[in-house]
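Before any comments, here is the structure.
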Amino acid sequence: MAELTKSPSGAAHRSGWLRTIIELVACFVILVTMFRTFLAGAYMIETGSMAPCLLGKHRAAVCPSCRFSFAVEGTGSVAAAVCPNCGRGGIAYQELPESYGDHLLVHRGTFEVRSPRRWEVIVFQNPNKLRQAYVKRVVGLPGESVEVKGGDVYVSGKIQAKTYATQCGVRIPVYDHDLRPPDDDDEWRPRWIIDRPAGGWRAEGGAFHFTPGKPSSDQWEWVHYRNWIRRGGFHATSVPLTHWPESLDRLQGGFKPLRYDAESQTLVCRGAMPASLRDQILAGVDDVESQSAIERLYEASHIAPIVDIYGYNGGRDGEGHHEVRDLMIALRARWGEGNGEFALAMTDGTHEFRCVFDRKTRTVQLIEEQTSRTLRTATLDDLLFTKGAIIELSLMDRQVLMAIDGKPAFEPWSFPGTTEQGPTPWQPVRFAARGGKVDIDAIKLYRDVYYTSDLGRRGTAGPVQLLDNEFFVLGDNSPVSKDSRSWSGKAVLTGDLLVGKPLVVHVPSRKQRIRIGGLQQEIRIPEFSQMRYIH
């Protein structure tokens, strides 16, 4: 017979459990204290020099048109915010609750066992104020010759390409098709356009569905992105016009940003033509040619290159003076009936590349459009065609990279830069299908950081040679970041100033006012959804 033992009394049992819980809590507190004392430290970001990757004090705004959520710097120095997704301006944000800057958990011992790597985010002591901690991204390593030009980083004259993980860490949203303004928004036009409306593509909400015709055609049917903007811009658009309307002669000097070039017989607009100006001019002309030219110029002027706008800056520091060619497209593809093909293409204005997914052969090919040369080939899992997948294609730093469900499908393809690039494309991305059913949704377009030369001359007016223990760092929010480009005097970042590697954003919070009886108190509300690893 098995021996039985008597269970302890209920009171003694509860006492034992209570003691165990207290001991576990005490051990946890001791471990956390030791970890933070010897291995890790907590830092709060005050400014927006790393936005939108890492945020300083800010206010969480929501666009009233497209419902896109974005952070705006928290000082309130800008009168109104501008939505970085749809360009809606005049968004009130100053009365919104202020959120604290991101809290970083920083591993202090990382750089005692190894050196920082390029593109890694680091915390260090400010060379100008040693008691002040900074967080930036490493772009230049000891002994290298570093230069920032054309928005990119060069070492010894060679452009430095980012890995897929780094691209995902620095990418800045340009347009989320799931968050688009309503159809009755008079200032808005669709950004994704079906080239042949009578063909196989059909738009439904934020998705596109392709059904091949009968019989199925071998011709690709395309959907392309055009960067429609509401207002502003520095681009020039022109349309043919044989003469300036005589009825407007007396008002010709009052039509900025519009001008007529008599030599080339073109009507030119700088930036997007305001609707009020269009209506004013149309009211003063009565010939059909001029009316048609004005209408066409109005529509064309609102299609512009993608520029380095930051929603965080509220339009304060740079109205987008720099055109950006380096982009990433992400979308979800689901295959239906038939052994069809799906293509995703991207151009930087000089080079164009296409990824072709073939259901019949279970392969994806990377093709150079100009030469039709196949550069990379990969075999695809059957699950991609049965369950669908998130596909990401990027053209950044003279490198083509494609990933499926977060994993690169093949080695990136690098191509040489040219001294004379074509114009920045205003329709940089497109996708197509043929031969079988395909559904596309969750379409998001991103851009790379464009490193500017406006705030400093070091490394931007020419290469800078780093010493053996010196690093070159930049902020992701390049228009406002104080970094290696602009530090005063002989201030440089050396290895002895390194603090550690930030691992996660932990327990972000925002201010919230509560009223208890007649008292009003300000408390911090945790925003657990903003907790994340740092790339």
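Just so it is clear, none of the values below were taken in a lab; they were calculated from the coordinates. Every value quoted in this text rests on a predicted model; they were computed, and no experiment measured them. Glycine gets a Cβ as well: all are built from the backbone with ideal geometry, and neighbour counts include every protein chain shown.
Annotations for the structure displayed:
- Coarse-grained scattering of the chain at q = 0.05, 0.08 Å⁻¹, given as base-10 log I(q)/I(0) from a Debye sum over alpha-carbon atoms: -0.27, -0.65
- With Cα atoms as the point set, segment 81-215 shows a radius of gyration and Dmax of 22.9, 72 Å.
- ³J(HN,Hα) computed for each position of segment 82-97 - Karplus, 6.51 cos²θ - 1.76 cosθ + 1.60, integer Hz, glycine/proline x: 10, 5, x, 8, 10, x, 4, x, x, 7, 6, 9, 5, 8, 6, x
- Taking one quarter of the surface of the convex hull spanned by the alpha-carbon atoms of segment 332-425 gives a direction-averaged projected area of 6.3 nm².
- Since only Ser292, Ser264, Ala275 are under comparison, the one whose Cα sits farthest along the positive direction of the charge dipole of segment 236-301, derived from C-beta charges on Lys, Arg, Asp and Glu, is Ala275.
- Cα long-axis angle, helix 10-34 against the chain (0 to 90 degrees, to the nearest 10): 60 degrees
- Across the chain, C-alpha contacts under 8 Å between residues 6 or more apart give a mean separation that, scaled by the residue count, equals a relative contact order of 21 percent.
- For segment 298-355 versus segment 368-431, the gap between their alpha-carbon centres in whole angstrom: 13 Å
- For the pair Glu289 and Arg259, the difference between a 0.36 nm per residue extended length and the Cα-Cα distance amounts to 9.2 nm.
- Packing, taken as the mean count of other beta carbons within 10 Å per residue, orders the peptides 358-371, 80-93, 492-505, 391-404 from highest to lowest as 391-404, 80-93, 492-505, 358-371.
- Cα extents for segment 236-301 along the principal axes, largest to smallest and rounded to whole angstrom: 27, 24, 22.
- Most to least packed among 54-60, 263-269 [average Cβ atoms within 10 Å]: 54-60, 263-269
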